[in-house]
Amino acid sequence: MNGIKILMVASIFMIIHSCASNEIGHSKDVNQDEINQGYFMEYDEAKDKTEITAFFRFAGPNGTTLILDAPGKVEMNGEKLDLKETKDAGAYYYKTLNGKLPDGEYSFEYTDLHQKSFKNTVSWKNIEVESVSDSFSHSDGLLISFNDDPQGRKEEITIAISDSANSISETISHVRREKIKIAGSKLKDLHGPLEINMRRNGQFNLKNQTHAGGYIGTAYRLKTFSAYLTD
């Protein structure tokens with residue numbers, strides 16, 4: 001299958017911010033055109049919660065985190081996000097929602113100190129696994145069917161598979177016909193009962209942004225499901 005590469009599974013939040021500054025500053029103290037915007041939407045099916053996060057950084061995606069001074073603000077679909085300050089991540093804005101977001105378009109709107117507005121939208125669709133091989137052999141390979149078109153939104157699927165001793169992770173950039181098949185040769189070090197974790201990730205550049213740029217990241221983490229390798 002084209003576009004498969006082995007990667008470790010990690011939260012989109014941690015991937016993007018692992019090398020970023022955790023220092024905190026104020027938007028009133030910096031050039032407004034040098035404020036980078038970073039937005040994240042992540043649903044965890046096991047917790048049945050959606051996390052919305054917005055970062056504002058000075059001079060690029062790894063720069064100092066910023067508190068937005070009035071009249072600066074950030075909203076998602078017209079609702080203000082709450083400020084949070086931590087030692088590990090710095091300052092960011094967030095909202096935690098119970099359950100899934102309905103399918104549809106969601107907008108983030110950032111207003112700077114001069115009341116200049118930057119509005120960006122992202123398309124969100126929930127994903128459900130329709131079928132997975134309960135048991136299979138290495139010659140069969142693992143087949144997973146689901147009700148989504150990640151490639152149509154330029155998103156990718158990551159699948160982590162483990163037995164009691166070993167694990168692999170596959171990221172598939174080109175998902176065709178709402179199905180994924182992982183060849184048995186990729187699973188040669190795995191045997192017996194398997195745990196399978198599946199997530200969908202996306203990252204999109206903003207259309208309305210300052211000189212410093214910005215992006216929207218999406219992640220959808222499904223519940224762990226099981227299968228059995230018979231040989």
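Eigenvalues of the Cα gyration tensor times 5, then square-rooted: what semi-axes does that give for the chain, in whole angstrom, largest first?
Each semi-axis is √(5λ); the values are 38, 17, 15 Å.
When the dipole is taken about the Cα centre of region 101-170, and only Lys, Arg (+1) and Asp, Glu (-1) are charged at their Cβ, what size is it in debye, to the nearest 20?
440
List the GluC sites (Glu not before Pro) in region 108-148 that DSSP assigns to loop (not H, G, I, E or B) and whose Cβ has at most 16 other Cβ atoms within 10 Å. Which are they?
GLU128
Could you work out the relative contact order of the chain, using alpha carbon pairs under 8 angstrom and six or more residues apart, expressed as a whole percent?
Answer for the chain is 24 percent.
Only four residue types carry charge here, +1 at the Cβ of Lys and Arg and -1 at the Cβ of Asp and Glu. Report the dipole size of region 133-231 about the Cα centre in Debye, rounded to the nearest 20.
It works out to roughly 480 debye.
Which pairs in the list LYS28/LYS125; LYS73/LYS207; LYS188/LYS223 are over 29 Å apart, alpha-carbon to alpha-carbon?
From the list (LYS28/LYS125; LYS73/LYS207; LYS188/LYS223), the Cα-Cα distance tops 29 Å for LYS28/LYS125.
Report, in debye and to the nearest 20, how large the dipole of the chain comes out about its Cα centre when Lys and Arg carry +1 and Asp and Glu carry -1 on their Cβ.
340
Just so you know, all these numbers are worked out from the coordinates, no wet-lab data involved. This is a predicted model, so every value here is computed, not measured. Every residue, glycine among them, receives a Cβ derived from its backbone with ideal geometry; neighbour counts consider all protein chains shown.
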